[in-house]
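Quick notes on the structure that follows.
The values are calculated or read from the model by the stated rules, or taken from the named source; none is laboratory data. Everything numeric here is computed off the predicted structure, so don't read it as measured data. Neighbour counts are summed over all protein chains in view; Cβ atoms, including those assigned to glycine, are modelled from backbone coordinates with ideal geometry.
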Amino acid sequence: MFPILFHLGGFTVYSYGLFIAIGFLLGIGLALKGARQKGIPNEKILDLSFYIILSAILGARILYGLIHYPRYLEHPLDFFKVWEGGLVFYGGLILSFLTGFWFIRKQKLPFWETADLLAPSIAIGQVFGRLGCFAAGCCFGQETNRIWGVTFTHPDSLAPTGIALHPTQLYESLIALIIFFILWFLKDRPGFSGRILLYYLFLYGLGRWALEFFRGDNRGSLLGGGWSDTQYISIFLVFFSIIMARHLKNRKTRTS
């Protein structure tokens, strides 16, 4: 809706970048609070957050660049203009997961307990990240005649202007908020380590798979079959979370 907040001299403040920053800061704050409860040193969580944020941005931008590679072949320097929008969440999730796994093992932290600690932070970060997408106009939906359809009018919007579209950015922000509250409710209840992260992967994968049917931007479909690449990744996460949950639950039963 308002991709540019204001100009300060020669510097432009973009709504997308601001919302992303808010999401990261809130996520770090929640992780630090949880770390204190579990006796994990704050400096390790801050270091982990630093690596995860860099990996999330890099992975999300790389996957976006692969999907939209013709643009960056013509204008390669535009690849580095992350503040203008253009991130694919799953790219960031995959690379940050790998980075987090490396860091947690390196620091000899309990992997699944630490992953559970970070899961609500991912969800709250998505809430604000998708608000940033809405402001920038990226990740827009298909044309609709529903009364809640949104018409983008700003000339710098990344969405098509002048037509009513499904506000898929707001749909996903709401999905992420619901997931956050579910995880927050479950995190202190008894259960096996790893369940909070797996709940997140299951719920988000399911929600994102359904949401993709309403997206109007270029989704990419390397595998074909009428689904987007994102939907295949989403379904993989759903089944992965179910299989891992059974494995971790059975392991806890055997060791108790």
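Select, from C138, C133, the only residue that is in a loop (DSSP other than H, G, I, E, B), closer than 23 Å to W209 by Cβ and within 19 Å of the chain's Cα centre (by Cα).
Numbers: C133 fails: in a loop (DSSP other than H, G, I, E, B).
One residue alone meets the criteria, C138.
Residue by residue, here is whether (1) surrounded by fewer than 21 Cβ atoms within 10 Å (Cβ to Cβ); (2) of a type outside the set (G, A, S); (3) closer than 21 Å to S234 by Cβ holds:
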residue: P110; (1), (2), (3): yes, yes, no
residue: E113; (1), (2), (3): yes, yes, no
residue: L118; (1), (2), (3): no, yes, yes
residue: G129; (1), (2), (3): no, no, yes
residue: F134; (1), (2), (3): no, yes, yes
residue: W148; (1), (2), (3): yes, yes, no
residue: A159; (1), (2), (3): no, no, no
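I'd like the residue in the stretch 53-77 that is surrounded by fewer than 18 Cβ atoms within 10 Å (Cβ to Cβ) and under 14 Å from the mean Cα position of the chain (by Cα) and, out of all such residues, is modelled with the highest pLDDT. Step by step, filter the stretch 53-77, then rank; the result is L54. Output the number of residues of the stretch 161-178 satisfying the condition of being of a type in the set (G, A, S), in contact with a Gly (Cβ under 9 Å, 6 or more places away or on another chain) and surrounded by fewer than 23 Cβ atoms within 10 Å (Cβ to Cβ). The number of residues fulfilling the criteria is 2.
Scanning the stretch 1-47 for residues that are of a type in the set (A, V, I, L, M, F, W, C) and part of a loop (DSSP other than H, G, I, E, B) yields M1, F2, I40.
Look through F185, F181 and report the one residue that is among the hydrophobic types (A, V, I, L, M, F, W, C), over 28 Å from S15 (Cβ atoms) and loosely packed, with under 15 Cβ neighbours inside 10 Å.
Working: F181 fails: over 28 Å from S15 (Cβ atoms).
One residue alone meets the criteria, F185.
Restricting attention to the stretch 31-52, and to residues there that are of a type outside the set (S, T, Y) and in contact with a Gly (Cβ under 9 Å, 6 or more places away or on another chain), which single residue is modelled with the lowest pLDDT? Steps first, please.
Keep residues of the stretch 31-52 that are of a type outside the set (S, T, Y), which gives 31-48, 50, 52.
Subset that is in contact with a Gly (Cβ under 9 Å, 6 or more places away or on another chain): 40, 45, 48, 52.
Values: I40: 87, I45: 90, L48: 92, I52: 91.
My answer is I40.
Out of all the residues in the stretch 193-231, which are among the hydrophobic types (A, V, I, L, M, F, W, C) and over 27 Å from L118 (Cβ atoms)?
F213, F214, L222, L223, W227
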